[in-house]
Each structure stands twice: as C-alpha cells, then as structure tokens.
Amino acid sequence: NRERLLERTLQSVKRQTYRPVEIILVDNASTDHSVAVARRFKEEAEDGMTVHLMRENTPGAAAARNCGLRAAQGEYVYFFDSDDELSEDFLVLAMERAVAEEADVVAAPTCMVFENGKRKVRFYGYSHAPELQILTGLLSTQTVLVRRDFLQRVGDWNEELPYWNDWEWGLRILLQRPRLSWIKFRAFHQIHLHAESITGKDFTSAFPKMVKALRAAREDLQGQPDSLRCSCEKALGYRTAIMAGHLRHEGRDDLARNLLQLLPDHNRCLLNRLLYSYTAAGLPAAWRLARLFL
C-alpha cells in the first residue's frame, strides 16, 4: 500500500544508468492502487530494462524479498524498498567494483531523510566484522549488492521477523566471511523515514518483534567458532542493553526489565549496566562507547 510513494521510487529506479537490468516488483497484497502504478511502470519500460511484476500474499517485507529472489536471474541482486529513492549511478559503480574485485558483496553508506527535511548519513564505519553488524547494523536493505550464488550460503530472508530482518540477514552475510568491498567516497540513496515505515517511530510498539530478532541473531551464532561466537554474544549483550535503555527512556520500565532478562548471566556486566543507564538518560550514540570494548 505505497501508492502515494511508489511513483517517486520507481522513477529513481528508471534513472539508473546501468544496463541491462532486471527489475522485479513484488506486490505484497496491496489493497490500494500500488499495482496499477507498478503495471504502468512495466508497460513503459525502456530498452535494457526487463520488468517483472509479481505478487506475494504472505505478509511482510522478508516474504516479498524472497519471492523476488526466487525469480531473479542476474549474477548480482540488489534489494530496495518502495518508499525510498535509488541513486542513479549506484549500480554502475557497484558493478564496476564487484567485477574488479570479484566481490561477493559491495556495500555503501546511505542517507536518511527525516519528515522535517533533515538529512543524516547513516554510517557506522567500513567493516566486515559480524560484531559491528550486531551492534550497529552496518549492512541494511539498501546498502548491499550481493552475488546471487553467495546468497545460497546465506539463506533466505527470515520471514518470521517483521522487524530488523535486514539486520539479521546482514549478520548471516558477514558470518559467511564474504569478499566485501565498501564504496567509501559518498553516501548513496535517500531512505525516507515516515510514520508508515516498517521500523516505526518508537521502540515500545516494536518490543515483541525486537525480541524475536534478538533471539534469531543468537540462534545464528550457534555453531560458529568459540572465539567468534563469544565476541558476537558480547556485542549482542551490548545491543540488548542499549535497546532496554531506549525502552526505559520511553517510560516502559517493565519492558526494559523483560528485555534485560534475555541477557545470559555472563553478559550481565558493568558495561551493560552503564550502556543501559546512559541510553535511559536519553544520551545519544551509546554504540560508540560499546564499540570501544568489542
């Protein structure tokens, strides 16, 4: 149901300078005129653009992305959301980098656009460390171009996660130790934050979904080498304490306590208590402090 926003997104896709390109539009059971907008885009496709329009009735972005992934024929795939704008030169630059470095993954920072027009580059550093993915979400939906056969090792998007599914997917990508190349010279894309965004505006309303994502990440770490698993679990503890602090700041002490109960005994350390208190006080960027102790 992105009729109001979809035209802007599709026009940004159309402006891509990379050709040939296969574009797969997946309607996730819309009830507005989104499908009509997508169908018109398909009918007006330019040379070098192959457009497919599909439907996925299982609700959720992860199910829609899996539907598109199953249909994809290209050597590389790139996922993009229906309410954002794609930088016109991203695919050209990313594919040049992918070919030159035989990369499994090409990543770039993105730019968030708030409802008041303010812009902020979403940047946590150029890294391939799973620990930093856990703590900061280095890789998100719009940041990565991925080799399609590499994704067979990663697995599908987790359809059980309506929240932070790209965070968990990015963790599984980095746990597979990809050949990763970062495009560092500027931010790409405009990620528009609004009331209808999947991520929402507060942590309280997302609490049950947040818990599912944290538990899924912990399951992803099972079977990893002990040293990597321990360092990732430490990062997961930091992330959990920070999210509990956000809940406390929103006045939900009960939910904050419930979230902290997810921490194993060995992760209930002084630093986690500090991160919790720091965030609960409304202070920003606790992840910067936590990163010093990874």
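The values are calculated or read from the model by the stated rules, or taken from the named source; none is laboratory data. Keep in mind it's a predicted model, so treat the numbers as computed, not measured. So basically every Cβ, Gly included, is an ideal-geometry build from the backbone, and we count neighbours across all protein chains shown. Ligands, DNA and RNA are stripped out before the accessible areas are found, and what is left, the full protein with its side chains, is counted by its heavy atoms. Shrake-Rupley method; radii C 1.70, N 1.55, O 1.52, S 1.80 Å.
Data overview
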{"read-out": "Members of region 67-80 that are of a type outside the set (Ser, Thr, Tyr), touching a residue at least 60 places away in the same chain (Cβ under 8 Å) and open to solvent by less than 40 Å² (accessible area, probe 1.4 Å)", "value": "Leu69, Ala72, Gly74, Val77, Phe79"}
{"read-out": "All positions within region 124-155 that are surrounded by 15 or more Cβ atoms within 10 Å (Cβ to Cβ) and at pLDDT below 90", "value": "Tyr124"}
{"read-out": "Search result, residues across region 160-170 that are over 20 Å from Phe207 (Cβ atoms) and either in a loop (DSSP other than H, G, I, E, B) or of a type outside the set (Gly, Ala, Ser) (or both)", "value": "Trp169"}
{"read-out": "Where a residue in region 275-294 is more than 16 Å from Leu259 (Cβ to Cβ) and its partner, wherever it lies, is of a type in the set (Asp, Glu) and modelled with pLDDT of 95 or more, with Cβ under 9 Å and at least six apart", "value": "Arg291/Glu131; Leu294/Glu131"}
{"read-out": "Residue among Arg229, Arg239, Arg218, Arg248 that is more than 24 Å from the chain's Cα centre (by Cα), part of a helix (DSSP H, G or I) and at pLDDT 95 or above", "value": "Arg248"}
{"read-out": "Candidates Asn158, Asn57, filtered to the one that is open to solvent by 10 Å² or more (accessible area, probe 1.4 Å), within 14 Å of the chain's Cα centre (by Cα) and among the polar types (S, T, N, Q)", "value": "Asn158"}
{"read-out": "Output for region 30-44, where each listed residue is surrounded by 13 or more Cβ atoms within 10 Å (Cβ to Cβ) and free of Cβ contacts under 8 Å to residues at least 40 places away in the same chain", "value": "Ser30, His33, Val35, Val37, Ala38, Arg39, Phe41, Lys42"}
{"read-out": "Qualifying position, being touching a residue at least 24 places away in the same chain (Cβ under 8 Å) and either over 24 Å from Val26 (Cβ atoms) or more than 15 Å from the chain's Cα centre (by Cα) (or both), among Ala100, Ala94", "value": "Ala94"}
{"read-out": "Total residues in region 275-286, condition modelled with pLDDT under 95 and within 20 Å of Glu131 (Cβ to Cβ)", "value": "1"}
{"read-out": "Selection from region 37-82 of residues that are acidic (Asp, Glu) and assigned to a helix (DSSP H, G or I)", "value": "Glu43"}
{"read-out": "Exclusive hit being surrounded by 17 or more Cβ atoms within 10 Å (Cβ to Cβ), more than 27 Å from Glu115 (Cα to Cα) and small (Gly, Ala, Ser), set Ala280, Ala235", "value": "Ala235"}
{"read-out": "Residue count for region 101-148, restricted to those that are assigned to a loop (DSSP other than H, G, I, E, B), more than 16 Å from Pro178 (Cβ to Cβ) and not basic (Lys, Arg)", "value": "9"}
